[in-house]
Amino acid sequence: MYPFIRMIYQSFKFRRAPKLGLFETHHSQHYCLPWDIDIWMELNNGRTLTLFDLGRVPMSIRNGSATAARAGGFGLAVAGASVRYRKRVTTFQKIDMVTRPVGFDDKFLYMEQSMWNAKGECCNHVLIRGAVTQNRRMVPPIELLKAVDPNVQSPALPAWVENWIEADNTRPWPPTRD
């Protein structure tokens, strides 16, 4: 089940936190709970992606994009992800989550997120490609972002993000069904 209560808690917790600029980093702490684990007694890989929502939504509240989305009738959807899992996250382990917008192009927003353990080791890292929607169709992200900052410009996307975009563009769509 989606962690609605945890999302409400995170949103409530950060509602009065200092505002962030559109490309500033949001930090949050979370625990791996018993319903987050898989049969190997560690954080389930799919649940990891769900828990990353607990960082993106409060970040969007703090940087003003959630308010602008609501006011302009925009939606946000994950349109792609590249994930690395490197260290186990086990039941009741506390993790520090780092959520940072990387930039945008004419089609998508790009955000990176990571989870860190108490030893300061990165447990996992994800690059999220987000789509901005309006009236059930994708729109250029600049339409939403200009509502937050009329002078917004994307920082240069890092080479590794550009490489991922380029590689993903070579991937066939739709895939074969053989």
What number of residues within the range 1-22 are open to solvent by 60 Å² or more (accessible area, probe 1.4 Å) and either under 20 Å from residue 81 (Cβ atoms) or in a strand (DSSP E or B) (or both)? 1
Condition test on residue 100, is it of a type outside the set (Val, Ile, Thr) and farther than 16 Å from residue 25 by Cα? no
State whether the residues of the range 17-27 include one that is under 24 Å from residue 139 (Cα atoms), aromatic (Phe, Trp, Tyr) and within 15 Å of the chain's Cα centre (by Cα). yes
Quick one: is residue 70 at pLDDT 95 or above, open to solvent by 50 Å² or more (accessible area, probe 1.4 Å), within 28 Å of residue 162 (Cβ to Cβ) and over 14 Å from the mean Cα position of the chain (by Cα)? no
Counted residues in the range 37-72 being part of a helix (DSSP H, G or I), in contact (Cβ under 8 Å) with a residue 24 or more places away in the chain and charged (D, E, K, R) come to 3
Condition check: buried (at least 18 other Cβ atoms within 10 Å of the Cβ) and either over 19 Å from residue 9 (Cα atoms) or modelled with pLDDT of 95 or more (or both). Does residue 41 satisfy that? no
Screening 161, 152, 148, 132 for residues that are aliphatic (A, V, I, L, M), within 30 Å of residue 43 (Cα to Cα) and in contact with a helix residue (DSSP H, G or I) (Cβ under 8 Å, 6 or more places away or on another chain) leaves only 132
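The values are calculated or read from the model by the stated rules, or taken from the named source; none is laboratory data. Nothing here was measured: the structure is a model prediction, and the numbers come from that model. Cβ atoms come from the backbone with ideal geometry, glycine included; neighbour counts cover every protein chain shown. We work out accessible area using only protein heavy atoms, side chains counted, and drop any ligands, DNA or RNA first. Shrake-Rupley method; radii C 1.70, N 1.55, O 1.52, S 1.80 Å.
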